[in-house]
Amino acid sequence: MAYQVLDLRPDPAMLNPQFDGYKLRLVDEQRGAVWSHPLANLSFVEPQQIASNALLAYEEVYSRIHYNHLFVGPRNNTFIYIDNERRVCLAEIQREDDAPRITNIFDIPTCPSTYALPGYYGAYAISETMILVFDGAASVYVLQRADTEGSDSVDEQWVASGMFEIGMGSVAAGPIADNERQT
């Protein structure tokens with residue numbers, strides 16, 4: 001393979017003679033720019049164990065590195081996380097000096113996985129009244145807010161209204177039977 005040396009010359013017309021470098025501005029801790037609160041039943045999340053000789057695609061390695069266990073909530077000042085007992089928790093931050101109000105909105109059912117590489121749980125707010133929950137294997141649950149009128153609190157009820165089974169090249173969808181429905 002032949003290599004070629006590139007001659008890069010800046011265009012003086014594009015340079016800013018007033019540029020004095022990038023400046024780092026530190027966060028003022030006295031003003032309360034960073035808050036820290038412990039979350040219930042959430043310990044350090046261990047990465048999924050895989051065989052030491054497993055071959056992973058770049059996308060899989062990237063997702064394992066960049067996965068975040070906190071998800072954007074359905075409204076401002078809310079976020080979602082999934083605790084160690086597979087409970088989907090909706091948290092609301094009311095004021096900076098208060099701990100978040102946390103409500104369990106759904107329990108992810110346990111089911112044996114036939115996949116060699118189980119994934120991570122996920123919760124994605126589609127709108128103020130709908131959240132999709134992924135169990136890390138093959139199921140996606142549709143949660144809908146039961147009380148949609150005037151309720152702006154994490155205390156509202158969420159109902160699992162549907163479920164998708166994602167398989168190899170196929171998707172099966174349908175409503176959840178009444179005996180499987182959770183509130």
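The values are calculated or read from the model by the stated rules, or taken from the named source; none is laboratory data. The structure presented is a predicted model; accordingly, all values stated were derived computationally and were not measured. Positions of Cβ are backbone-derived with ideal geometry, glycine not excepted, and every protein chain shown enters the neighbour counts. The accessibility values were calculated without ligands, DNA or RNA, using every heavy atom of the protein model including side chains. Shrake-Rupley method; radii C 1.70, N 1.55, O 1.52, S 1.80 Å.
Report yes if some residue within region 66-74 is closer than 29 Å to residue 159 by Cα, at pLDDT 80 or above and exposed (fewer than 14 other Cβ atoms within 10 Å of the Cβ); otherwise report no. Break it down into steps so the answer makes sense when it comes.
Going residue by residue through region 66-74, those that are closer than 29 Å to residue 159 by Cα are 67-74.
From the residues that got through so far, the ones that are at pLDDT 80 or above too are 70-74.
Those still in the list that are exposed (fewer than 14 other Cβ atoms within 10 Å of the Cβ) too: 70, 72.
Yes, region 66-74 contains a residue that is closer than 29 Å to residue 159 by Cα, at pLDDT 80 or above and exposed (fewer than 14 other Cβ atoms within 10 Å of the Cβ).
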Go through 83, 98 for me and flag whichever is within 15 Å of the chain's Cα centre (by Cα) and modelled with pLDDT under 85. 83
Could you please find all residues in region 87-109 being open to solvent by less than 30 Å² (accessible area, probe 1.4 Å) and of a type in the set (A, V, I, L, M)? 88, 90, 91, 105, 108
In region 50-79, how many residues are in contact with a strand residue (DSSP E or B) (Cβ under 7 Å, 6 or more places away or on another chain) and of a type in the set (Gly, Ala, Ser)? 1
In this structure, is residue 3 out of contact with any Gly (no Cβ under 7 Å at 6 or more places or on another chain), hydroxyl-bearing (Ser, Thr, Tyr) and modelled with pLDDT of 75 or more? no
